[in-house]
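Colleague: What follows is a single structure, and I will ask about it in a moment.
Please treat every number below as a calculation from the coordinates, not as lab data. Because the structure is a prediction, the values reported are computed rather than measured. Counting neighbours? That spans all protein chains shown, and the Cβs are built from the backbone with ideal geometry, glycine included.
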Amino acid sequence: MTDILIRARNISKRFPGVLANDRVNLDIARGEIHAIVGENGAGKSTLMNIIYGLYEPTEGEIFFEGKPVKINSPLVAINLGIGMVHQHFMLLPSLTVAENIVLGMEPRKNGIFMDMKAAISEVEKLSETYGLVVDPNQRVETLSVGIQQRIEILKVLYKGVDVLILDEPTAVLTPQETDDLFQVIRNLVRDLGKTVIIITHKLQEVLAISHRVSVMRQGRMVGTLETKDADERILAEMMVGREVLFKQLHRERLPKREVLSTRDIRARDNRGLFALNGISFNLKAGEILGIAGVEGNGQTELVEVLTGLREMEGGTFTVNGVDAFNKSPREIRGMGIAHIPEDRLATGLSREATISENLLMGVQDREPYSIKGVHMDNRRIRDRSDRLIEEFDIRTPTADILAGNLSGGNMQKMIIAREFSFDTPILIVAQPTRGIDVGAIEFVHNQIIEKRNAGVAILLVSADLDEIFRLSDRILTLYEGRITGEFSSDEISKRDIGLYMTGKRIDSTERGAIHE
C-alpha cells in the first residue's frame, strides 16, 4: 500500500472537557477498503468528521494526494472527491428517488426550472454504472431500508466523489441486504477504482470486507493491521485494552408465567396508515422474546403501543391480567414496564439536561430523592448518579456535564443504567446496543441476561440478528405489521430468518444450517 491518498498527521480535536482525538495518525491508500473500529468515545467518528470537513482539527494536518489541505467544510471535501454517508439517513421521504439524489445539484431547463426528465435519466445511468439498482420514480417513503441505503450512496456518487466514508452502513440491514451492499462496495473498489472507509462495530463484517483495519482507543490510534492478519479476538482486545470473552451466556431455567399478552393489536403510523395489522403474542416472566424485522415494518409502532406512546385502534393488551389498552406512559410505567427506546436522542434523553438529571428521570418525584415532592436531596441524587456511572461504565469526567456532550454509546449506556435501575418486572428494550462498541455490547448483553435470569420478562427489538440470536429464548419475525413466524433461537439460521423478515416463508425442510 504505497499509493497513499489521504494522510492524517498528529490530528487532535478538543471539545469542552473532552480530548476526542489525541495526536492521531492515519494513512488511507488509494483503492482500498479501510475499516475504522474502536470503543464508543474512541474518536473514530470525530476523525472521519474532520476528514469530511464537519469539524476542523485543533491541531495537526491532513494531506490529500501528498499535498497539505485545509478541509473546513463538506463542500471542500466533496470538491476534493471525499463524500460521507451518515448512519442516520438524510433523505426526504416525500420526494422521489431521483429528486433526493440530485437535490442541490439539479439539472436545469433553460437555467431556471428543474429538468425532471434529465434527472431521471442521470439517476438511471448512475444506477447502472455502479450496480445500485433503484427506481428513480418511486417515493422514498415507500422503500425498504436497504434501498434507502443505496440511495444515500448514489447521492454521494452523484457528486463525483472517489472516496466514500460509510458510517455504520449495515446497522439496519438484513443479512441478504448486507451481502448485496458488500458486493457493491467490492465492485466500486475493484472495478471503478473508488476508495472506501467504513466505520463499524461489527467485527465479523470488518474481516469480511476490508483490506486493512485501524483501531482507536481513548482518542488515540492503537494501530493498523492487514485484515488477513487479524481476527475478532485480536481486534476486540486492541479496542478495549483487555480480553473480550463473549462467553456462552448462562440461562437459568425458570417457570414461565405469562405477564403480558396482546391479541389482534391494530395501530396506525404517523401517516395514518395501519402499521400493526393484528399482532398477537404472549410474553412470560424469565424469558427474552426477540422481535426481528427490517426497520419500518411495525416494530416502532409496537413498542410505542406497549409503552403508551401511541394509541391502539383495536385489539387487547393486558399486563398481569390487567387491561392496559391506551393507558398513558405514566400509567404503563406504574404497571411495571420500563422502556429503552430505539431513538435515544428523540425519546431517550434530554441533551440539554445533565447526566445526573437524565439518570434521575422517572424517580425525581419519589423519596429519597424528593422530600415531600418539594425539596430535592442533592446528596442522594449525586450518590445515585455516581453509582450508576461507575456500575455502567459511562465515560464522563463528571455527572454535571450535559448529556449532549456524551458520545452516542455513552448516551446509550446512560439510558440503560436509568431504566435497569427501576427494577420493573417487564423490560421493553429497543435497539439496546445500536452504535456501541464490542466491550460495551458484552456488558449490556450480560446485564440483559442477568435481568432475564432474575425473572424479568424482556421484549427485545433489534435490527442486529447476531444480538437477537445471542439473547432470545423465542424469536418472532415481523413484516408489514404482521407476525410471519415464531421460532426458538436454535431451530432456524440467521440467513433463513432474514427471508421471513422480508415476508417470505420457507418450508422447514428447506431451512439452512443452524446458526450459519
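Colleague: Select from region 405-501 those chymotrypsin sites (Phe, Trp or Tyr not before Pro) which occupy a DSSP coil region and have at most 15 other Cβ atoms within 10 Å, ordered by residue number.
Modeller: On the way: sites: Phe420, Phe422, Phe443, Phe469, Tyr479, Phe487, Tyr500; in loops: Phe422.
Passing both the DSSP loop test and the Cβ count: Phe422.
Colleague: Another question, if that's okay. Once you sort the root eigenvalues of the Cα gyration tensor of region 244-398 as a ≥ b ≥ c, which label holds: rounded (a/c under 1.5), prolate (a/b larger than b/c) or oblate (the other case)?
Modeller: Working: a/c = 1.74, a/b = 1.48, b/c = 1.18.
Because a/c hits 1.5 or more and a/b exceeds b/c, region 244-398 counts as prolate.
Colleague: Sort Glu313, Glu32 so that the residue with the fewest other Cβ atoms within 10 Å of its own Cβ comes first and the one with the most comes last. Don't jump to the answer; show the numbers that get you there.
Modeller: On the way: Glu313 13, Glu32 20.
Going from sparsest to densest Cβ surroundings: Glu313, Glu32.
Colleague: What's the Kirkwood radius of the chain in Å, using all Cα pairs?
Modeller: One over the average 1/r among Cα pairs gives 24.5 Å for the chain.
Colleague: Another question, if that's okay. Need one word for region 344-423: rounded, prolate or oblate. Basis is the Cα gyration tensor (sqrt eigenvalues a ≥ b ≥ c); a/c below 1.5 gives rounded, then a/b vs b/c decides. List each step's numbers first, then the result.
Modeller: Values: a/c = 1.70, a/b = 1.60, b/c = 1.07.
The shape class here is prolate.
Colleague: Also: With +1 on the Cβ of every Lys and Arg and -1 on the Cβ of every Asp and Glu, and nothing else charged, how large is the dipole of region 344-423 about its Cα centre, in debye rounded to the nearest 20? Can you show the working numbers first?
Modeller: Values: 12 positive and 13 negative charges, 19 e Å.
That gives a dipole near 100 debye.
Colleague: Right, something else. Among Pro397, Val429, Gly439, whose Cα sits farthest toward the positive end of the charge dipole of region 384-454 (+1 at Cβ of Lys/Arg, -1 at Cβ of Asp/Glu, about the Cα centre)?
Modeller: Val429
Colleague: Could you tell me which residue out of Pro368, Leu459, Pro175 lies farthest along the dipole of the chain toward its positive end? Charges go on the beta carbon: Lys and Arg +1, Asp and Glu -1, centred on the Cα centre.
Modeller: My answer, from the dipole projection, is Pro368.
Colleague: Next up: Could you work out the percent of alpha carbon pairs in region 4-240 separated by over 33 Å, rounded to a whole number? List each step's numbers first, then the result.
Modeller: Numbers: 5223 of 27966 pairs.
Summing the P(r) tail past 33 Å for region 4-240 gives 19 percent.
Colleague: May I pose another question? Using C-alpha positions alone, give me the convex hull volume of region 61-161 per residue in cubic angstrom.
Modeller: Working: hull volume 12.7 nm³, N = 101.
It is 126 Å³ per residue.
Colleague: So for region 4-240: antiparallel DSSP bridges make up what percent, rounded to the nearest 5?
Modeller: Working: 25 of 43 bridges.
The antiparallel fraction comes to roughly 60 percent.
Colleague: With the cut-off at 18 Å, tell me which of the pairs Lys125/Lys159; Lys13/Lys155; Lys44/Lys202; Lys202/Lys228 have Cα atoms farther apart than that.
Modeller: Details: Lys125/Lys159 14 Å; Lys13/Lys155 29 Å; Lys44/Lys202 14 Å; Lys202/Lys228 16 Å.
Too far apart for the 18 Å limit: Lys13/Lys155.
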